[in-house]
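Undergrad: Sending over a structure as structure tokens; questions will come in a sec.
The values are calculated or read from the model by the stated rules, or taken from the named source; none is laboratory data. Nothing here was measured: the structure is a model prediction, and the numbers come from that model. Cβ sites come from the backbone with ideal geometry, for glycine too, and all protein chains shown count toward neighbours.
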Amino acid sequence: MSKKLAAKALLIQVPPAAPVSASGGGAVADPGEHRPKTAPGSMAHFMASQSSAVREAEELRERLKAFDGAEPVRMLDPNTVKASRWANRHEASFADAAFADLKAEIAAAGVNVQPVSVRPVLNGSTSASGPVSSPVASPGSPVYELVFGHRRHRACLELGLPLQAMVTRMDDRELFETMERENRARKNLSAWEQGTMYRRALDEGLYPSQRKLSEALGVDVALVSKSLSLARLPDAVVAAFASPLEIQFRWAQPLSEALQKDPEGLMARAKQAQSAVPPLPATKVLALLVGAPRPVELNRSTLSPTSVQVIASVGSRRVVMSRDGDGRVTIQLDAGLLGIEAQAQVADAIAHIVLGKA
């Protein structure tokens, strides 16, 4: 056996050293001289040439492990992105002070620093259990649907800026749940927006029941029920408010009871509230709709020694002016109602009023 191995070893030829050029500039390669003349020699040459490629591939694999589970972020034209049928933002959400502040931040940065999430537009309809198809791109049509980030998308669209987006494939149920959770983590939906979102999911058969929906989203079933009660109010009742974003969760029960007890009277009172000029504050609209005594309207010049007055409201956020027993007046605004520039304008206006009376 040893003699046979020795004989085979003699057949392996090591390539000779390359000749040195006359100029001393190093070895001159001669492909003909370096080519192995036996099968074992060819194998040894092949293994030597592949070792560097193998090492490089292993290094790349190790580096890629750091990106496992990461979603690619792309710069998209916002015109190629559209809202999905599960979109939950009312148009009024793009007209408040918070949106103006967000738009100003994106304009200053030149891009949305926090990426939105999108999915490719799918072939045909998508079911919660169906396969995800490949993107469809017809000329001039959007090629992505928003998962979350509707306000950031709108800001980039209005500013004409590129949209930074994470592109992920997902079905309708995954989109719905991701959108709902992201909204709760950032800017909460109003009660009516949330109810509309839940109603659409149930009407479209995304979930078989309110309980299954609440379990999937991790939301209390009582909150789901209240949200749905508001979303199922007649359009005329919703239109009685200056904005549906003003409707609050705790109003679900009295409005539902009024609808059950006296639907015709409720509709008549809703038309009365809708025709009021100027528009009534949300709390007065509620009192009118449910037939409760109208709240006392306090004039700015006749505030009682200790009183509180809601000056304005946007959804659940309010501007409140109060006066204590010593005559001190305080104006309190909920977070997000005023940006930096607006705060400066309010301060100037108050200073102008005070100095004008001095």
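Undergrad: PRO305 - would you say it is out of contact with any His (no Cβ under 9 Å at 6 or more places or on another chain), farther than 25 Å from GLU257 by Cβ, modelled with pLDDT of 70 or more and in a loop (DSSP other than H, G, I, E, B)?
TA: no
Undergrad: What is the one condition in (1) out of contact with any Pro (no Cβ under 7 Å at 6 or more places or on another chain); (2) at pLDDT 90 or above that SER243 does not satisfy?
TA: Only one criterion in (1) out of contact with any Pro (no Cβ under 7 Å at 6 or more places or on another chain); (2) at pLDDT 90 or above is unmet by SER243, namely (2).
Undergrad: I'm trying to understand the selection: among the residues of region 250-279, which are among the hydrophobic types (A, V, I, L, M, F, W, C) and at pLDDT 90 or above? Even if it seems obvious, please write down each step before you answer.
TA: Going residue by residue through region 250-279, those that are among the hydrophobic types (A, V, I, L, M, F, W, C) are 251-252, 255, 258-259, 266-268, 270, 273, 276-277.
Hits for region 250-279 are TRP251, ALA252, LEU255, ALA258, LEU259, LEU266, MET267, ALA268, ALA270, ALA273.
Undergrad: OK, next. Considering only residues that are surrounded by 12 or more Cβ atoms within 10 Å (Cβ to Cβ) and either in contact with a Gly (Cβ under 7 Å, 6 or more places away or on another chain) or within 15 Å of THR178 (Cα to Cα) (or both), which ones fall in region 208-227?
TA: Of everything in region 208-227, those that are surrounded by 12 or more Cβ atoms within 10 Å (Cβ to Cβ) and either in contact with a Gly (Cβ under 7 Å, 6 or more places away or on another chain) or within 15 Å of THR178 (Cα to Cα) (or both) turn out to be LEU213, SER214, GLU215, ALA216, LEU217, VAL219, SER227.
Undergrad: Scan region 100-114 for residues that are under 13 Å from the mean Cα position of the chain (by Cα) and surrounded by fewer than 19 Cβ atoms within 10 Å (Cβ to Cβ) and jot them down.
TA: VAL113, GLN114
Undergrad: Quick check on region 241-250. Is at least one of its residues in the same structural domain as PRO281 (by TED's automatic domain parsing) and in contact with an Asp or Glu (Cβ under 8 Å, 6 or more places away or on another chain)?
TA: Scanning region 241-250 turns up at least one residue that is in the same structural domain as PRO281 (by TED's automatic domain parsing) and in contact with an Asp or Glu (Cβ under 8 Å, 6 or more places away or on another chain).
Undergrad: If we scan region 278-293, do we find a residue that is under 24 Å from LEU202 (Cβ atoms), surrounded by fewer than 21 Cβ atoms within 10 Å (Cβ to Cβ) and not polar (S, T, N, Q)?
TA: Scanning region 278-293, I find no residue that is under 24 Å from LEU202 (Cβ atoms), surrounded by fewer than 21 Cβ atoms within 10 Å (Cβ to Cβ) and not polar (S, T, N, Q), so the answer is no.
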